[in-house]
Amino acid sequence: MSDINAQLPASERPDEADTRDSGIGLLVLLAVGLAVAAVALAMLNRDVAEPYVLAVLGGLSVIGVFALFAGAVGLLRFSERTERDDLPRSLLDHLPYGALVTTPRGRVVYANEAYHRIIGMPEEAGTPTIEQHFSGDPRVSEKLFRLARAARQGNAWEEEFPHAVADDAAGDEDGMRWFRVSVRQVPLRPGRGGRSAHTLWLVDDITGERRREDSAFASLQQMVDYLDHAPAGFLSAEPSGAITYMNATMARWLGHDLSAVADGKLTLGDVIIGDTGPLTAEARSAGTPKKQEVEADLVRRDGTSFAVRILYRPPAPGDSKFTRMIVLDRALEGDDEADAGSMRARFSRMFHAAPIAIATVDDKGRVGEVNSAFSRMLSRAGAVFETGKTALADLVASDNRSQLLKAIDAARAGQADIEPVDLVLGDQGERSGRFFISAAPADDGEGMTVLVHAIDTTDQQALELQFAQSQKMQAVGQLAGGIAHDFNNVLTAIIGFSDLLLANHRPTDPAFQDIMNIKQNANRAAGLVRQLLAFSRQQRLRPQVLSLNDVLADLTILLGRLLGEKIELDLQHGRDLWLVKADLHQFEQVVINLAVNARDAMPDGGKLTIRTANVTERESEKLGHKGMEHSEYVVCEVADTGTGMPPEVMEKIFEPFFSTKEVGKGTGLGLSTVYGIIKQTGGYVYPHSDGDGKGTSFRIYLPRHVGDEVEGAVEAEEAAPEKKQAAGDLTGTGTILLVEDEEAVRSFAARALEGRGYKVLQAGTGAEALEVFEEHGGDVNLVISDVVMPEMDGPTLLNKLREHGKDINFIFISGYAEDAFKKNLEGEDSFTFLPKPFSLKELAAAVKKVLEE
């Protein structure tokens, strides 16, 4: 762009001299050198000077020839190109906005005609820079500083600012015009000796653009002002109910600050009494939705309410999700209109605020008017309907439609007392309702209008089923507990007398092995009885604080042996797992039972996954398990990839003796034992299966224990089982009062203790024991008593004996758990418990331990 400076005055073109300084200097230096050489040669002798003259002429000739060739190939330029950069110059000359090019030192290189026109200065008056032209205005000094800084740093920048222009008809009323100024670097061509790039300034007059923006803003402000002062309220809400817009009139009626709406914290439920779901529900049919009208009561910020009429249009499917509403205050309507609509308004409000679902049915069985409760009940069931088009019978399960149609026909016939109909809502079968059908005269006086009142009975039926199941399990548990108690008495006698026989037979005797078989099978039967007690939650637990991750890690080897090589075991330990309080051995039994069941369900191999995790209170609420309290839990899930279970099997899996295995391959007590142990621990167990071939999972939820492991270790040590067989001598001395209503158990125990050196006083009932104690009270060192006996039970006997003022050692023996009778003792903890069935050695060891303390 060197020649474009020709249009500027000479004083404004310093850069042209700069470009030629180096060339002129070299030329002058060459001329002076030649002149000095000529004078020197002229003073010499011709013969002496001739070689020098020839040398100088030869050198000049070589330089001339080299210059000619260099000029021909473009290595040397003898003058500035006058026609270069024609295209950039043409573009800059015809730009609609001003363009100014300056050097890094701020000297003007080029300015187009639009630049002079926009800044209002003719070319003859000179070409000032942007800073020079606008520097006198203090309102733009900061913006000019940012532009100049960007130019120095080589960055692009843009600013908009007003500037006062004198006698300018195109400006504002106060003579102000708006300018947009931008700056950026323009890199030079290479070969300029590494000089810095020039700076391109662009300036445009945007006064007209600003006027249009101000005019549009003023129109918008006028529209907002109109809406804010309209005699009606305007609302806009999201599907969630959050209010996104409210005009000033609506805010004034409600007594709310518009800032609360801007924060998004105000919802329709905060300002409208009753159900707001229908107001934000999406239209069910395509096309433009019809305008809807509803009577409602709004609540002010101070708690008072007022009646309104709401006109709204539901959002169309796939269109905007916002619902826009017009709210009319009933108190502002005319007297005649208010009187005429007051009755209708009150009825509409009562109709929609009713907690019972209400709907009308026309003569073709289609749904007519519905209230909010009816829409809410059907939407929960997933049933979609449209008033005036959808038949009421289509909203219930197909199996129940005949019952509903029969009741509707009875109402049309004028029948008064129509029995309520229990129906399944929708086709999913997850929710149910009870429908009350009646009839009323139609508005036109001809025929009858069928009225439907309905209540959602889903939760009620779930509670009834849950209660029935719990009653069933409780009854079975009581039966199992009673059977277990009676069996324990029988097994105690069998095991005890087997021990007496074994004591009198040597291992080489022919009968010794037969007696051992009797005892072993009796012990096996005792194991089944313990499972029954576990199901009935009447066994004795010894809880301690546990980390389920540690428990499962210790079981890994045992589980691997149980599962075999075909089944892969995958343990997934939860991170930072909370502690629980449970009986270690019983929980191990739970996991083993579930693992064995999973193994049997995968005969061809598979994968057993056991995972643990923490469950927060909020997460427990979302689980939706029936009967489980919302709290913090540790979950242990046992999932297999086996055959799965159908729903009819899932309903019975926890019942005792229920089994899907072949006869002789299972007792049917494995899962019932799991159920009883978890329930007695205070937890929950929930099975899940998607059907045959899709595997089964059991999720065990144990309450979180807040404490430490040291506390649990102490409790476990204190609760250590009394059935420890003492090594060494089990004989002793002393008088023992043995109270047992089962003669076989009493006979065995008496013989066993007498054989160990004790004197035994026997009693068959509690009353008889009191008589024996009064007769030999001073000699009795220990009382061994059954818990459940006729006339007087064991705890009552203990309390009676304590009244004599003597601290007597006491051992309770029972087929029930200790916790089943401990609550009947009045703060008495000084006793020992020996559960039935027990062996001769266990009885002797317990007696010796108590008497030696």
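Restricting to the range 419-437, give me the number of residues that are open to solvent by 40 Å² or more (accessible area, probe 1.4 Å), part of a strand (DSSP E or B) and either touching a residue at least 24 places away in the same chain (Cβ under 8 Å) or not aromatic (F, W, Y) (or both).
4
Hey, T612 hits all of (1) open to solvent by less than 30 Å² (accessible area, probe 1.4 Å); (2) closer than 18 Å to L671 by Cα; (3) touching a helix residue (DSSP H, G or I) at 6+ places or on another chain (Cβ under 7 Å) but one; which does it fall short on?
Only one criterion in (1) open to solvent by less than 30 Å² (accessible area, probe 1.4 Å); (2) closer than 18 Å to L671 by Cα; (3) touching a helix residue (DSSP H, G or I) at 6+ places or on another chain (Cβ under 7 Å) is unmet by T612, namely (2).
Could you list all residues from the range 350-375 that are surrounded by fewer than 15 Cβ atoms within 10 Å (Cβ to Cβ) and assigned to a helix (DSSP H, G or I)?
M350
Could you list, in sequence order, all residues of the range 128-157 that are part of a loop (DSSP other than H, G, I, E, B) and farther than 19 Å from R184 by Cβ?
Residues satisfying the conditions are P128, S135, G136, D137.
State whether one or more residues within the range 387-394 are surrounded by 14 or more Cβ atoms within 10 Å (Cβ to Cβ), more than 30 Å from I310 (Cβ to Cβ) and modelled with pLDDT of 85 or more.
Scanning the range 387-394 turns up at least one residue that is surrounded by 14 or more Cβ atoms within 10 Å (Cβ to Cβ), more than 30 Å from I310 (Cβ to Cβ) and modelled with pLDDT of 85 or more.
Which ones in the range 733-782 are among the β-branched types (V, I, T) and more than 60 Å from the chain's Cα centre (by Cα)?
Within the range 733-782, T733, T735, I736, V739, V760, T765, V772, V780 meet the criteria.
Residues are listed down the side, and each one gets a yes or a no for (1) in a helix (DSSP H, G or I); (2) at pLDDT below 80; (3) over 57 Å from the mean Cα position of the chain (by Cα):
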site: V450; (1), (2), (3): no, no, no
site: A462; (1), (2), (3): yes, yes, no
site: Q469; (1), (2), (3): yes, yes, no
site: D499; (1), (2), (3): yes, no, yes
site: R524; (1), (2), (3): yes, yes, no
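Please go through the range 557-607 and pick out each residue that is among the charged types (D, E, K, R) and buried (at least 19 other Cβ atoms within 10 Å of the Cβ).
Let us first name the residues in the range 557-607 that are among the charged types (D, E, K, R), namely 561, 565-566, 568, 570, 575-576, 581, 583, 588, 599-600, 604, 607.
Within the range 557-607, K581, D583, R599 meet the criteria.
Quick one: in the range 653-672, of everything that is at pLDDT 75 or above and in contact with a Phe, Trp or Tyr (Cβ under 6 Å, 6 or more places away or on another chain), which residue is nearest to G605 (Cα to Cα)? Before the answer, list the steps.
In the first step, residues of the range 653-672 are kept if they are at pLDDT 75 or above; the result is 653-654, 671-672.
Cutting the leftovers down to in contact with a Phe, Trp or Tyr (Cβ under 6 Å, 6 or more places away or on another chain) gives us 654, 671-672.
Numbers: F654: 25, L671: 21, S672: 25 Å.
Of everything passing the filter in the range 653-672, L671 is nearest to G605 (Cα to Cα).
Looking at (1) open to solvent by 50 Å² or more (accessible area, probe 1.4 Å); (2) closer than 21 Å to E853 by Cβ, find the lone condition where F810 falls short.
(1)
Here's a check for you: in the range 136-145, which residue that is more than 15 Å from L202 (Cα to Cα) and open to solvent by less than 60 Å² (accessible area, probe 1.4 Å) is modelled with the lowest pLDDT?
Checking each candidate, the answer is D137.
Every residue in the range 387-404 that is in contact with a strand residue (DSSP E or B) (Cβ under 8 Å, 6 or more places away or on another chain), more than 17 Å from E430 (Cβ to Cβ) and outside any strand (DSSP E or B), please.
Within the range 387-404, T387, G388, K389, T390, L392, Q403, L404 qualify.
Quick one: in the range 622-638, which of the residues that are surrounded by 20 or more Cβ atoms within 10 Å (Cβ to Cβ) and either free of Cβ contacts under 8 Å to residues at least 12 places away in the same chain or hydrophobic (A, V, I, L, M, F, W, C) (or both) is nearest to H688 (Cα to Cα)?
Ranking the candidates gives V638 first.
Go through the range 575-607 and report how many residues are without any contact (Cβ under 8 Å) to a residue 60 or more places away in the chain and within 27 Å of G676 (Cβ to Cβ).
Final tally of qualifying residues: 8.
Among the residues of the range 573-621, count how many are within 24 Å of G693 (Cβ to Cβ) and aliphatic (A, V, I, L, M).
So the answer is 8.
From the set of residues in the range 837-853 that are under 55 Å from the mean Cα position of the chain (by Cα) and open to solvent by 10 Å² or more (accessible area, probe 1.4 Å), which is modelled with the highest pLDDT? Give the steps one after another, and end with the answer.
Filtering the range 837-853 down to residues under 55 Å from the mean Cα position of the chain (by Cα) leaves 837-838, 842, 846.
The next check asks that each one be open to solvent by 10 Å² or more (accessible area, probe 1.4 Å); those that pass are 837, 842.
Details: P837: 82, E842: 86.
Here the residue is E842.
Filter the range 673-705 for residues that are out of contact with any Leu (no Cβ under 7 Å at 6 or more places or on another chain), of a type in the set (V, I, T) and at pLDDT 85 or above and give the result.
Within the range 673-705, I678, V685, T696, I700 qualify.
Out of the range 737-764, which residues are open to solvent by 50 Å² or more (accessible area, probe 1.4 Å), assigned to a helix (DSSP H, G or I) and touching a Leu at 6+ places or on another chain (Cβ under 7 Å)?
Within the range 737-764, the first condition is being open to solvent by 50 Å² or more (accessible area, probe 1.4 Å), and the residues that meet it are 741-743, 751, 754-756, 759, 762.
Restricting the remaining residues to those that are assigned to a helix (DSSP H, G or I) gives 743, 751, 754.
Answer for the range 737-764, where residues must be open to solvent by 50 Å² or more (accessible area, probe 1.4 Å), assigned to a helix (DSSP H, G or I) and touching a Leu at 6+ places or on another chain (Cβ under 7 Å): just R751.
Using beta carbons and a limit of 7 Å, which pairs, at least six apart or on different chains, have the first residue in the range 118-135 and free of Cβ contacts under 8 Å to residues at least 60 places away in the same chain and the second one in a helix (DSSP H, G or I)?
Pairs found: P122/H116; E131/L144; E131/A148; H133/I119; F134/V140; F134/L144; S135/L144.
With D263, D270 as the choices, which residue is within 28 Å of A354 (Cβ to Cβ), within 32 Å of the chain's Cα centre (by Cα) and either open to solvent by 30 Å² or more (accessible area, probe 1.4 Å) or modelled with pLDDT of 80 or more (or both)? Lay out the reasoning, then the answer.
Numbers: D263 fails: within 28 Å of A354 (Cβ to Cβ).
Only one candidate qualifies: D270.
Of the residues that sit in the range 156-192 and are out of contact with any helix residue (DSSP H, G or I) (no Cβ under 8 Å at 6 or more places or on another chain), surrounded by fewer than 13 Cβ atoms within 10 Å (Cβ to Cβ) and more than 23 Å from R89 (Cα to Cα), which one is modelled with the lowest pLDDT?
Restricting to residues being out of contact with any helix residue (DSSP H, G or I) (no Cβ under 8 Å at 6 or more places or on another chain), surrounded by fewer than 13 Cβ atoms within 10 Å (Cβ to Cβ) and more than 23 Å from R89 (Cα to Cα), the top hit is A169.
Let me spell it out: the conditions are (1) open to solvent by 10 Å² or more (accessible area, probe 1.4 Å); (2) without any contact (Cβ under 8 Å) to a residue 40 or more places away in the chain, and N247 meets all of them except one. Which number is the exception?
N247 satisfies every listed condition except (1).
The values are calculated or read from the model by the stated rules, or taken from the named source; none is laboratory data. Computed from a predicted model, the values in this text were never measured in an experiment. Positions of Cβ are backbone-derived with ideal geometry, glycine not excepted, and every protein chain shown enters the neighbour counts. Protein only, heavy atoms only, side chains kept; ligands, DNA and RNA dropped before computing areas. Shrake-Rupley method; radii C 1.70, N 1.55, O 1.52, S 1.80 Å.
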